[in-house]
Each structure stands twice: as C-alpha cells, then as structure tokens.
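Below you'll find the structure, written out as structure tokens, and then a few comments.
Just so it is clear, none of the values below were taken in a lab; they were calculated from the coordinates. This structure is a prediction, so every number in the text was calculated from the model and none was measured. We place every Cβ from the backbone using ideal geometry, glycine too, and count neighbours over all the protein chains shown.
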Amino acid sequence: MLKLPAGYTMRFGGQFENLEAAKARLSIAVPVALALIFVLLFFTFNSLKESVLIFTAIPMSAIGGVLALWLRDMPFSISAGVGFIALFGVAVLNGIVLIAYFNQLEKEGIADVYERVRRGALVRLRPVLMTAAVASLGFLPMAISQGAGAEVQRPLATVVIGGLVTSTLLTLVVLPVLYTMFFYQPRNKKAIGVALLISLWPS
C-alpha cells in the first residue's frame, strides 16, 4: 500500500470520477422511473391489481437483460442502466396490450375469466410479438456495432434485446396465469395449474 506524507491525500478523478457521479444519478433515476411507470399504470387502469399485474413485466424483462449482458461478457455500465430504463417502458407496453384487451372482452359480456384469457391471448399474440420484434430489430445494429461509440451502444442494445425476448415470452405465458389467479378463485386448485393450457389452447 502506498504511504503518503502527512497532509497528502489520494483522490481518483477523470473518467472514474465521472463514472461514480453517473452511478449516483442512475441510482436515483431508476427508482423514479419505476415509480412513475407504476403511477401511470394505476391512473390508466384505476386498479391496483391490474397495475401490479402489468408491473410484473419489469422483473421479467430484467432477467433477460442481465442474462444477455452475462452471455456477451459485458459489465454493467451507465449505458446498460439507461438500456434497462428503456427496456422497462417497452416491456410494460406488452402487458398493457394484453390486459387492456382482457378488460375489453369483459365489457363485451364475456364473464368467464378462462374464456377471456384464452381469447385474449390468441388475439393479442401477434401485436405483442410485433411490438417486441420492432424494438429488438431497431436495436440490433447497435448491438453488433464495432465503430466509434460501440462501447456505449452495445451494452444498451444488448440489454433491450435480451430483456424483450424474456419479457415477451413470459408475458404471454405468466401474465395470463396471474390474471386468472387474481380475478378468479376456482374451487378446484388444479384449475390454476392448467390455466396456461386453457389460455393458449387454440379454438
């Protein structure tokens, strides 16, 4: 360890100092963004249950983002953090598309939860896939870029693409099951276990 004379101190500056300051700002920006997303969801649907349901898309997408960084051997950086914020917004859109259509079917007179989930999952399959595909393809050039600024672009795009893959798959699988569990209490507990098969089984 380097011993300094009395009255001298050591301080890291330059890029390291900027990185630490950016991390501090990011630690505030991410919770604020998550809180704003939840508040907007609550005002949109006026339902705490539905807001929580759609909010589950965020941890689902975070799984894919972290996994994509690990597979590409990339450390967490400021650009990756910004990518997570962008990812959360796109992932929530898929949940909104699905839950909003479930509510529309309920207003149209379909009282049976299983029928709403089955029909809604089938009808909204292509819109959800299209939303994720458009965003993923848009970030693909950034994810494979090698030119100037690639060290900033690659983590951001990697997080968004990886997160959208897992969030889309889990939204189409987990969200219908959670919706069934939240809005219907079956006498037979086995019905919850087969809710996925019922929701995705073709008519």
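For this structure, a couple of remarks:
- Fewest neighbouring Cβ atoms within 10 Å first, the residues 179, 8 line up as 8, 179.
- Mean separation of Cα contacts under 8 Å (6+ apart) over length of the range 17-200, as relative contact order %: 31
- The range 17-200 shape via C-alpha gyration tensor axes, a/c threshold 1.5: prolate
- Per-residue 3J(HN,Hα) values for the range 145-160, derived from phi via the Karplus relation 6.51 cos²θ - 1.76 cosθ + 1.60 with θ = phi - 60°, read 5, 10, x, 5, x, 5, 5, 8, 6, 4, x, 4, 5, 4, 4, 5 Hz in sequence order (x marks Gly and Pro).
- Annotation note: GluC sites (Glu not before Pro) in the range 76-139 located in DSSP loop regions with a Cβ neighbour count of at most 12 within 10 Å are 108.
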